[in-house]
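Take a look at the structure below.
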Amino acid sequence: AVAAAFAEIWEDPVMRDGQREYVKPRVKAFVMAQTRAALASDPSEDGWSGALKAAVMSYSVNIPATTDKLFMQAFSDPRWKGMSCKDRFGFAMGHMVIGSHIATWPHRYEGIVKPIESLFGVDIPALSELRDIAGQSAPPVDDPTLWTTTAVQKFLISKGYDLGPVGADGLFGPKTKAAVGQFQTASGIPPTGVVDAATKTVITAARTSP
């Protein structure tokens, strides 16, 4: 009788709407600041944009810091801005679901497919498609010679950054760190001053562009 009474309560659309409004801000609270800001750069909450936000929130509830790191890797990729909302969804999920190497995350993805498709009217990629997307979107294999301090300094100098009178001396000092930070800011990624994965991706794109 109790179960039947609860079932009848949640058949009421008003009750479902109320529960949704109660849960929504609490779920969003799990999304870390930089991912929240990145998602807010697209104000739409419908279609593929809404589907992406819902998926990221689902993973944020599970492991906020890992979700934040992996989503921001996708968002910081120089290819992101030129993608359609549909392609962004697949690209981000490829990074997160496949790139995390967390055994439970593919199962989580399969669990959220139908609700997201139903709520947002989209046909999201199957898990097998995500694996293909992740493989195609992986950054080029690093050539270690490109990432020595001297090589990075020469790149920065070629782009007009001031490393002082010594120039490319092979020492990662304050001027080199400041120049890396300035380059990151100009590229729209967090200015950490460290040549991390996102920075390498942007440098690689800059080296190969005409």
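The values are calculated or read from the model by the stated rules, or taken from the named source; none is laboratory data. Keep in mind the model is a prediction, meaning the values are calculated, not measured. Reconstructed Cβ throughout: ideal geometry from the backbone, glycine too, with neighbour counts over all protein chains shown. Ligands, DNA and RNA are excluded from the accessible area calculation, which covers all protein heavy atoms including side chains. Shrake-Rupley method; radii C 1.70, N 1.55, O 1.52, S 1.80 Å.
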Taking Asp169, is it charged (D, E, K, R), crowded, with 18+ Cβ neighbours inside 10 Å and under 24 Å from Val202 (Cβ atoms)?
no
In the range 67-85, anything open to solvent by 30 Å² or more (accessible area, probe 1.4 Å), in a helix (DSSP H, G or I) and in contact with a helix residue (DSSP H, G or I) (Cβ under 8 Å, 6 or more places away or on another chain) is listed as Gln73, Phe75, Cys85
If you scan the range 141-160, which residues turn out to be part of a loop (DSSP other than H, G, I, E, B) and open to solvent by less than 50 Å² (accessible area, probe 1.4 Å)?
none
Just wondering, is there one or more residues in the range 112-123 that are modelled with pLDDT of 85 or more, outside any helix (DSSP H, G or I) and among the charged types (D, E, K, R)?
yes
Hey, does the range 197-206 have a residue that's of a type in the set (Ser, Thr, Tyr), open to solvent by 50 Å² or more (accessible area, probe 1.4 Å) and modelled with pLDDT under 95?
no
